[in-house]
């Protein structure tokens, strides 16, 4: 397993995209399967946003201040995804807006991942270099061990974001 932070985050993105694709190809009547896939999405997204919010974004903000606006935008994109995840966590797959809400989540997160991979990651790689990315990758691995698998209450999430972006 690589300890390069960007490789770790890309691997997460790959797993997330796979679950998104599986959800999108599932029959509308397969509500139990859709529910299971959304549970997997919730877990993957909760863990991924946690390690980015707790490790990657603060470290990039500290080491590459020119990327601060991008980091702040990413925090906000995570906030939108977190709200959708929290709402989905409280829904049943048979709820009228379950599929629609999931599709909005997929669209938003896919846009965010595409932006990170195509624009942000190359800037971070160029700005930080291999050694720093490996050090941050080790921090990501450690953070993932204690990352929650379900969303926390909105106020706790907001406090975490406010503490990080100050």
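Throughout, read-outs are computed from the coordinates displayed, never taken from laboratory work. Keep in mind that what you see is a predicted model, and the values were worked out from it rather than measured. So basically every Cβ, Gly included, is an ideal-geometry build from the backbone, and we count neighbours across all protein chains shown.
Could you state the angle between the C-alpha long axis of helix 5-24 and the longest principal axis of the C-alpha atoms of the chain, as a value from 0 to 90 degrees rounded to the nearest 10?
Roughly 10 degrees between the two axes.
Quick check on the exposure proxy: order 74, 25 from fewest to most C-beta atoms within 10 angstrom. Before the final figure, lay out the partial values.
Numbers: 74 21, 25 7.
The most exposed by this proxy come first: 25, 74.
Only Cα pairs under 8 Å and at least 6 apart count here; give the relative contact order of the chain as a rounded whole percent.
About 43 percent, as a whole number.
Would you indicate which of (i) -0.45, -1.23; (ii) -0.56, -1.15; (iii) -0.56, -1.26 is the value of log10 I(q)/I(0) by the Debye sum over Cα atoms at q = 0.11, 0.19 Å⁻¹ derived from the coordinates of this structure?
(i)
Once the Cα atoms of helix 31-51 and of the chain are each reduced to a long axis, what angle between those two axes, in degrees from 0 to 90 to the nearest 10, is obtained?
With both axes taken from Cα atoms, the answer is about 20 degrees.
Quick one: helix 98-115 against the long Cα principal axis of the chain, what's the angle to the nearest 10°, folded into 0 to 90?
Helix 98-115 sits roughly 20 degrees off the main axis of the chain.
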